[in-house]
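Trainee: Dropping the structure in here first, questions after.
The values are calculated or read from the model by the stated rules, or taken from the named source; none is laboratory data. Owing to the predicted nature of the structure, the values given are computational and were not obtained by experimental measurement. Virtual Cβ from ideal backbone geometry, glycine too; neighbours counted across all protein chains shown. The area values use the complete protein model at the heavy-atom level, side chains included, leaving out ligands, DNA and RNA. Shrake-Rupley method; radii C 1.70, N 1.55, O 1.52, S 1.80 Å.
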Amino acid sequence: MPPVESRSSASILKKASWRQAAWLVVGLAALLYGLGLFVPWRPDMPAQGRDLSQWLALLEPSWRDALNVSFDVGLKFGRDVVFPFGPWGFLFSRLYHPSTFVLLIVTWMFLSWMFVWTGWQIARHITRNPLVGFAWLVGLIGVAGAWPDVFFLSLCLLFLVYCLYVHDGSLSVTPLLLCLTLALISLVKFTVLVLAVFLVAVVSLFDLFVRKRFPWAALLYPVALSGFWIAAGQNLGDFWAYLYHSLCIASGYNEAMARVGPREEIGLFVVAGLLSLTLVAASEWRRRHQGGAFSVVGLLAILFMGFKTGFVRHDPWHALIAPFTLLAAMWTYAGVLWGSLPGRARTMGIGLCLASAIALGWFSLDRYMRLSLPTFLARTVQTAQLSLAEIRNLTQGDVHLRRAHAEANARIRAAVPVQAGAGSFDIYPYELAVIFAHGLQWKPRPVIQSYSAYTSTLADLNAGHLRSENAPDSLLFDVATIDGRFPALDDGLSWPEILTRYDIRSAAGPHLFLGRSEVARSYRLVPVQTAMATFDTQLEVPGIAEGPIWARIDVRPTWLGRLVAFLYKPPPVFMTVRAPSIPILKFRLIPAMARAGFLLSPMVQDRATFVALTLPDWTERLRGVAPIDITLSVEPNAQRFFNPDVEVSFFRLDFPRREAPIGKVVGDPAGS
């Protein structure tokens, strides 16, 4: 009979082997779920799932397709393309494009594997029970798979947690792969780059001052970042231009792209976020004293980025990003902190924080999607199953996807016919998918959609492009905007260039067809008047008898306004316009755009009015839409965020007009 000690050792080894096998099953099952949920096996198509009349008013399909095309043709980010996304931004789009689809799938498989692999190692660190680890890991995958933004923020979260709680600071395979992953997603979206740099700094300082080890992340991350930049076909020398112009995009986003949403969501997020930060701070003080500040600061950065991403543009698409980022963070830290708090504090503290995060996520899902949190997570499992079933079709190639892509483009061509010739094209203001659907040669302005040229630097980039030898041969032009802005604000500095460097060749169809003039004409801005305006007071606008009126309106924030803009977003500014022949209209005024300058009078709200502006008798045609006065205003109690005196400068825009009229446009004064 074997000794008792021998039987005991055999039993322990047997249990250990079974536990290892169980953890292996957990990892494989989680990986299968992650691959099905994260990888776009069933990618979106242009205008997919939307009525085309609704699609024409939306932005999403166009910029997503543009990111694929930019990568495919090798456009240089920071120089040829200036947008909130980087050269690997097509990964965010999850849109089918024949030239990038294989790379899209392979890269997302790598990202999914890294997410699950890192989460699996954290799970093994926080519990010995494979079932508990499986529940924790599957919950994290389900929450992170909600939106691409949440996935990338959750990857940053896993990097932080792994490096601070699991890794010992030595150079090994997983930290190396995490640095590679972080570098890759940094070139997907600029805000991820900002967050990643900050987290790498946090981890490096922690290694240096707390662990007393060499900060490998500080060395590996920039090397990997450079490698992925070059792998995307970019010149290393353009990276600084990319950083500068991306900072311009980021600095103007709060002011230009903000939308107001329910304030109770913001309050609930702040309360739940502060509870989470307090819990982490208390736990870290018990564990590492001052060294715990690194974890708190890193978590604060992730929650702040989720807050800004979700609540600056507070619409149904973005609003769920913030609560799901908080839920992913609290779910992760609940597991990590469970063993570092005493029993009662652990149960009450983690329970309260986790309950508040779950409640906020549930509340937001019910408001925007009419779903409960369990139903939503169950749907992610169904999504994963359907996606994995698509792999069978993909083993035979992507012919069915190419067919669906061609059909989607055919629907766009039918909805938006274009009369165009040879040469290069660009389109104003933002319906880029029209260019791609018609197979036209795209030669974009740097800020590829006009609504994003929301600072003077960005607007001047686009105007300078039209003055350069790289300007496109033809333009497809329409007058449209977003969020109720004054229409002439978007790419306002480019309008005089278009009026003097391009000729209207056709007014048929949903866009004007403009061809580049053989000889560029010149224009002048002649000073007319400078006045000081105040909010809620009418300001008279000079008449248009001697020429159209160009305006520069200098609305400046106070120090309190700058602080609010950094922490959250500035209050919107409005401009009410009164003209003889139209009702009183109230528009959104973007201060940075207004400061750069725009055509104020006559008021051009559609392409018919734009056509009339180019005719010899434009004064007679457009007298009725020339503003008599304007009134600047902000929301009640928001004037303290702005300087009370607003300098308004008026100029006369002088430019030569063509002699012969063009054909009738629907609603065109030329045809009346």
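Trainee: When only C-alpha pairs under 8 Å and at least 6 residues apart count, what is the relative contact order of segment 182-282, in percent?
Mentor: 21
Trainee: Leaving out ligands and nucleic acids, and using a 1.4 Å probe, what accessible area per residue does the chain come to in Å²?
Mentor: Ligands and nucleic acids excluded, the figure is 41 Å² per residue.
Trainee: How much length, in nm to one decimal, is gained on full extension between LEU247 and SER372, taken as 0.36 nm per residue of separation minus their Cα-Cα distance?
Mentor: Extra length from LEU247 to SER372 when fully extended: 41.2 nm.
Trainee: Further question: In nm, give the distance between the simple-model label positions of TYR523 and ARG263, each being 7 Å from the Cα along the Cα-to-Cβ direction.
Mentor: 4.1
Trainee: For TRP285 and ILE628 in one chain, what is 0.36 nm times their gap in residues minus the Cα-Cα distance, to one decimal in nm?
Mentor: Full extension of this stretch gives 117.1 nm more.
Trainee: Using the Cα gyration tensor of segment 290-355, with a ≥ b ≥ c the square roots of its eigenvalues, what is the shape: rounded (a/c below 1.5), prolate (a/b larger than b/c) or oblate (neither)?
Mentor: Since a/c reaches 1.5 but b/c is at least a/b, the shape of segment 290-355 is classed as oblate.
Trainee: Also: Roughly how many percent of the accessible protein surface of the chain is carbon and sulfur, given a 1.4 Å probe and a whole-percent answer?
Mentor: Solvent-exposed carbon and sulfur of the chain make up 61 percent of the total.
Trainee: Now, a different point. Measure off 7 Å from each Cα along the Cα-to-Cβ vector at ALA410 and MET532, then give the distance between these two points in nanometres to one decimal.
Mentor: 6.5
Trainee: Oh, and also: Give me D for segment 54-164 in µm² s⁻¹, whole number, from Stokes-Einstein with Rh from the Kirkwood sum over alpha-carbon pairs, 10 °C and 1.306 mPa s.
Mentor: Details: Rh = 16.0 Å.
D = 99 µm²/s.
Trainee: Oh, and also: Which Cα, out of ALA406, VAL418, GLN396, lies furthest along the positive dipole direction of segment 378-430 (beta carbon charges, K/R +1, D/E -1)?
Mentor: Value computed over the given set: GLN396.
Trainee: If you don't mind, there's one more thing I want to ask. Return the distance in nm (one decimal) between the two label points of a simple spin-label model at LEU32 and ALA355, each offset 7 Å from Cα along Cα→Cβ.
Mentor: In this crude label model, LEU32 to ALA355 measures out at 3.6 nm.
Trainee: Take the alpha-carbon positions of segment 505-563, form their convex hull, and give its projected area averaged over all directions (one quarter of the hull surface) in nm².
Mentor: Working: hull surface 34.7 nm².
Hull-based average projected area comes out at 8.7 nm².
Trainee: If I stretch the segment between VAL106 and ASN129 completely, what's the gain in nm (0.36 nm per residue apart, minus their alpha carbon distance), one decimal?
Mentor: Roughly 5.1 nm would be gained on extension.
Trainee: Given C-alpha coordinates of segment 183-342, what is the ratio Rg to Rh with the Kirkwood estimate of Rh? Each step should come with its number before you reach the end.
Mentor: Numbers: Rg = 17.8 Å, Rh = 17.6 Å.
On the Cα set of segment 183-342, Rg over Rh gives 1.01.
Trainee: Where nothing but the Cβ of Lys and Arg (+1) and of Asp and Glu (-1) is charged, how large is the charge dipole of segment 72-207 around its Cα centre, in debye to the nearest 20?
Mentor: Computed about the Cα centre, the dipole is about 120 debye.
Trainee: Compute the convex hull volume of the Cα atoms of segment 446-582, divide it by the residue count, and report the result per residue in Å³ as a whole number.
Mentor: That works out to 168 Å³ per residue.
Trainee: Mind putting a number on the dipole of the chain about its Cα centre? Charges go on the C-beta only, +1 for Lys and Arg and -1 for Asp and Glu, and I need it in Debye to the nearest 20.
Mentor: With Lys and Arg at +1 and Asp and Glu at -1, about 2220 debye.
Trainee: By the gyration tensor of its Cα atoms, with a ≥ b ≥ c the square roots of the eigenvalues, what is the shape of segment 109-232: rounded for a/c under 1.5, prolate for a/b over b/c, or oblate?
Mentor: In terms of gyration-tensor shape, oblate.
Trainee: Under the rule a/c < 1.5 gives rounded, and otherwise a/b versus b/c splits prolate from oblate, where does segment 214-269 land using the Cα gyration tensor?
Mentor: In terms of gyration-tensor shape, oblate.
Trainee: Give me Rg/Rg_expected for the chain, where Rg uses Cα atoms only and Rg_expected = 2.2 N^0.38 Å with N residues.
Mentor: Details: Rg = 28.1 Å, N = 672, 2.2 N^0.38 = 26.1 Å.
Its radius of gyration relative to the 2.2 N^0.38 Å reference: 1.08.
Trainee: Is it possible to state the helix-based mean residue ellipticity at 222 nm for the chain, with each DSSP H run of 4+ residues giving -39500 (n - 2.57), the sum divided by total residues, to the nearest 500 deg cm²/dmol? What is it?
Mentor: Dividing the helical sum by the residues of the chain leaves -17000 deg cm²/dmol.
Trainee: Let me ask something else about it. Per residue, how much space in cubic angstrom lies within the convex hull of the C-alpha atoms of segment 371-497?
Mentor: Dividing the Cα hull volume of segment 371-497 by its residues yields 183 Å³.
Trainee: Oh, and also: Which aspartates and glutamates, if any, have their Cα less than 18 Å from the Cα of LYS569, not counting same-chain residues under 8 positions apart?
Mentor: Hits, sequence-local ones excluded: GLU255, GLU264, GLU265, ASP315, ASP483, GLU635.
Trainee: If you don't mind, there's one more thing I want to ask. Using a Förster distance of 22 Å, how high is the FRET efficiency between GLN121 and SER17, based on the Cβ-Cβ distance and rounded to 0.05?
Mentor: It comes out at approximately 0.70.
Trainee: Additional query: What does a probe at SER172 reach in segment 23-42, counting residues whose amide N is under 17 Å from the point 7 Å along Cα→Cβ?
Mentor: 24
Trainee: Shifting gears a bit: Which order do the peptides 127-138, 552-563, 383-394 come out in when sorted by mean C-beta neighbours inside 10 angstrom, highest first?
Mentor: Values: 127-138: 17.8, 552-563: 16.1, 383-394: 14.5.
So the peptides 127-138, 552-563, 383-394, ranked by packing, come out 127-138, 552-563, 383-394.
Trainee: Would you check the accessible area of TYR368, probe 1.4 Å, heavy atoms only, in square angstrom rounded to 10?
Mentor: 60
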